[in-house]
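Notes follow the structure.
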Amino acid sequence: MLEQTGGHTKVNRSSGDARCAEPERLSSLLDAMPIATAIVEIRSDGLFDIAMANTLFRKIDLSRHGNENFAVFTDRIGDFAGSDEMLTQFDWRMGCKIAGRDFIVSLSRLAGEPATMVLVSLLDRTNQLQTEKSLRREMVSDALTGLPNRSGFEEAVDKALSQPEMQEQQFAILLIDLSRFGRVNEAIGPLAGDELLITVARRLQSNLRAGDFLARTGGNEFSIFAKVTSGRLDVHELARRVRACFDNPCRLSELKISIDCAIGCAIQKNGKVDVEDAIRHAQIALKQAKLSDRTEIYEPQVGTVTRDRFSMETQLRDAIERDELSLAFQPLIDLKSGAVAGFEALARWHHADGTIGPADFIPIAEDSGLIVPLGRWAIQTAAQTLADWDARLGQLIPVYVGINVSAIQLARDDVVGIVRNAMTDAGIGGERLMLELTESAIIGDPDRAMAVLADLKTLATRIAMDDFGTGYSNLAYLQRLPIDVLKIDRSFVQAMAEDNDQAAILRTIQGLAESLGMQTTAEGIENKETERALSLLGCTFGQGYYYSEAVDADAAFAYWERSLKR
């Protein structure tokens, strides 16, 4: 019997008084049901009797669950009994949160039977829900570290921000990008790389404050959600704790590997917050952190700059199509004779707001892929300029032109074919072109770089390594590559008079070049004293404002003509 006690109904197994038509037929039907099913009789005094039940129903010991969950079950039966509904369903959890079971409960009237008779069936969906939870957990978790992935992190942040105590709370999103991870992965293999990620995850997890949480949101990127009470001070302290995780090398088998990280952060006050926007702001800061080598915190104006970059990208694309760019030429001087040996070609963008230099738009061109058509245009224009100077002189002008080739263009484009076609169209020899590449263009893919440079040498072009000494110079590659000129970065040249260490570096680079049979070009010469010192040091060429700024093609030709009269 189901008895009402204190407003609830509880099970009493002693009664068998309930009556229904054709009990044997109904009993057979109940036993044939594949789910737990019973017929309940609703009595006039408000008590409920289980008239009959199949074996599956009897195996469910309802009497052991006299708690609030069971009260929900019995109350819903009472509500159905007092309604006009013919059928209803509801979800019900029997028992505690950990060891309980989940059912879909169906209540229905029996056709041809008194209205007091109700058919109750329990469809056990515990395994289904557990499977769904497992699949869901896999979807929002990182299989390697067990941490939330990007989707799981966003959900966790949303859940944290929905708590009442967080409504006026400031919070921060920190993104942590592991430096050198790609090199480590390539050097020791992906399994060791996975072990490194697990080690880093454990260290970061152990340094979190209460209430903060960690996720792995990318291949070598981790994210932290943190409550903030003191704004930037809190963030810098948390960043310090993160960096402390990398103070000691990570031990992988017999190896000890030191790694570092870049940290970008966005601070925001809770309210109408878009979590994706907060993460995007942290990504902007992370990009800045990779360049500055320090913890960066998102500032609203940085987002404005980013939007401006997209606008400038569109304008640059249009400028290339409309031929709104030009080349300016800065002279390269032979330090022994004082003669003009050549010119470096530098792109200029004639924008409506004024002329834009390469330092401002080349990074945008590289990010967007526009560097490829821009590089093609520069090679073709430089070659045609030499042909125009020849025609103007009536003979070959004895100078060469240096053209910068981006690492991206070297990797993506047919540089050899572009140079060959430019030479053919302009009717000039390859010795009159010098292609200038940075160390990153070579180190990024040394095998491809060596193959491309070897093919360029078959065209008789000259090769220069630009900004030498500022990157991670690999002397083994330097010895194997067909490089003609090392360009010494202006930072060394301008500091040599006041810094003995810089002067020592210059002497080392010059000695290295001479031992490898290469010439050198010193950039950033701004006075006679620097020119004299570099000449005594043995540098081959000089370049800088001491001689001339970069000028247009006509002014460059005139500069060369004037140099003949000195």
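All of the numbers you see were taken from the coordinates with simple rules; none came from a lab. Note that the structure is a prediction, hence the values are computed from the model and not measured. FYI the Cβ positions are ideal-geometry reconstructions off the backbone, even for glycines, and counts take in every protein chain you see.
A few comments on the model shown:
- Gain on full extension, evaluated as 0.36 nm per residue between Ala143 and Gln395 minus their Cα-Cα distance, stands at 83.8 nm.
- Lys/Arg +1, Asp/Glu -1 at C-beta; the chain dipole; positive extreme among Ala522, Leu396, Thr461: Ala522
- Rounded to the nearest 0.05, the FRET efficiency derived from the C-beta distance between Lys159 and Tyr545 at R0 = 35 Å is 0.05.
- Entries of Lys290/Lys487; Lys133/Lys159; Lys290/Lys457; Lys159/Lys269; Lys256/Lys287 with Cα pairs more than 24 Å apart: Lys290/Lys487; Lys290/Lys457; Lys256/Lys287
- Ranked by the mean number of other Cβ atoms within 10 Å of their residues, highest first, the peptides 174-183, 350-359 come out as 174-183, 350-359.
- Multiplying the residue separation of Gln167 and Thr88 by 0.36 nm and subtracting their alpha-carbon distance yields 24.6 nm.
- Charged side chains reduced to their Cβ positions (Lys and Arg at +1, Asp and Glu at -1) give the chain a dipole of some 1200 debye around its Cα centre.
- Dividing the summed helix terms, -39500 (n - 2.57) for each DSSP H run of n ≥ 4, by the number of residues in the chain produces a 222 nm estimate of -13500 deg cm²/dmol to the nearest 500.
- Summed side-chain charge close to Asp158 - residues other than Asp158 whose Cβ falls under 11 Å, Lys, Arg +1, Asp, Glu -1: -3
- 10 Å Cβ shell holding at most 13 others, DSSP loop, GluC sites (Glu not before Pro): longest site-free stretch of the chain: 255-497
- The chain, relative contact order in percent, only Cα pairs under 8 angstrom and at least six apart counted: 8
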